[in-house]
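Some notes on the structure that comes next.
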Amino acid sequence: MKTWARFRSWTGALLGRRRMEREMDEEMRFHIEARAADLMRQGVPSHEATRQAKLEFGGMETAKDQCRDAVGVSFVETLLQDVRHGVRAMLRTPMFTVTAVVVLALGIGANTAIFSVVDAVLLRPLAYRDSERLVTILMDGESPVSVANYLD
């Protein structure tokens with residue numbers, strides 16, 4: 001359920017981007033105005049109270065970035081931005097793109113073939129009952145014994 005809630009949060013934040021930005025602006029403005037009102041009640045002049053409240057609150061863009069990070073929107077935005085940049089770069093250099101795709105396809109295909117062989121030969125057990133009890137008998141400790149020498 002946690003993953004589903006995170007996905008809903010991402011899609012809601014991405015689709016309602018303007019609304020989320022507007023709500024963050026209103027929320028931050030409310031906190032600054034509330035702090036400025038507290039300072040004015042303590043006798044600080046209006047202009048100075050607003051300036052001090054903004055200083056105490058910190059950078060608005062930094063706070064917005066922290067909110068976006070908490071929702072996970074900055075990760076999705078960065079990912080989409082990187083994908084767009086990659087697609088534009090590939091469209092600018094089609095020969096490089098074709099070469100890269102062919103090299104990747106060959107590499108992935110070769111890797112799959114090698115893994116299939118290694119899996120079949122080394123990783124899976126032999127197709128014999130009690131295969132762990134099979135042994136090789138060597139002659140003089142070097143080469144396998146022929147059937148005739150074994151029978152002798």
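Read-outs throughout are calculated quantities, based only on the coordinates presented, and are distinct from any laboratory measurement. Computed from a predicted model, the values in this text were never measured in an experiment. Here the Cβ is made from the backbone with ideal geometry for all residues, glycine too, and neighbour counts use every protein chain on show.
Would you mind ranking Met90, Met139, Met20 so that the residue whose beta carbon has the fewest other beta carbons within 10 Å leads the list?
On the way: Met90 14, Met139 11, Met20 18.
Going from least to most buried by this count: Met139, Met90, Met20.
Helix-only mean residue ellipticity at 222 nm, the chain, DSSP H runs n ≥ 4 weighted -39,500 (n - 2.57), per residue, nearest 500. What is it?
Estimated from H runs of four or more residues: -24500 deg cm²/dmol.
Which whole-number percent is the relative contact order of the chain (Cα, under 8 Å, 6+ apart)?
Over the chain, the number comes to 15 percent.
For a quick check: sort Thr11, Thr50 by the number of other beta carbons within 10 angstrom, fewest at the front.
Thr11, Thr50
Sort Glu48, Glu142 so the one with the fewest other Cβ atoms within 10 Å of its own Cβ comes first.
Lowest to highest Cβ neighbour count: Glu142, Glu48.
Roughly how compact is the chain, stated as its Cα Rg over 2.2 N^0.38 Å to two decimals?
2.28
Report Rg(Cα)/(2.2 N^0.38 Å) for region 93-152, keeping two decimals. Can you show the working numbers first?
Working: Rg = 22.0 Å, N = 60, 2.2 N^0.38 = 10.4 Å.
Normalised by 2.2 N^0.38 Å, the Cα Rg of region 93-152 equals 2.11.
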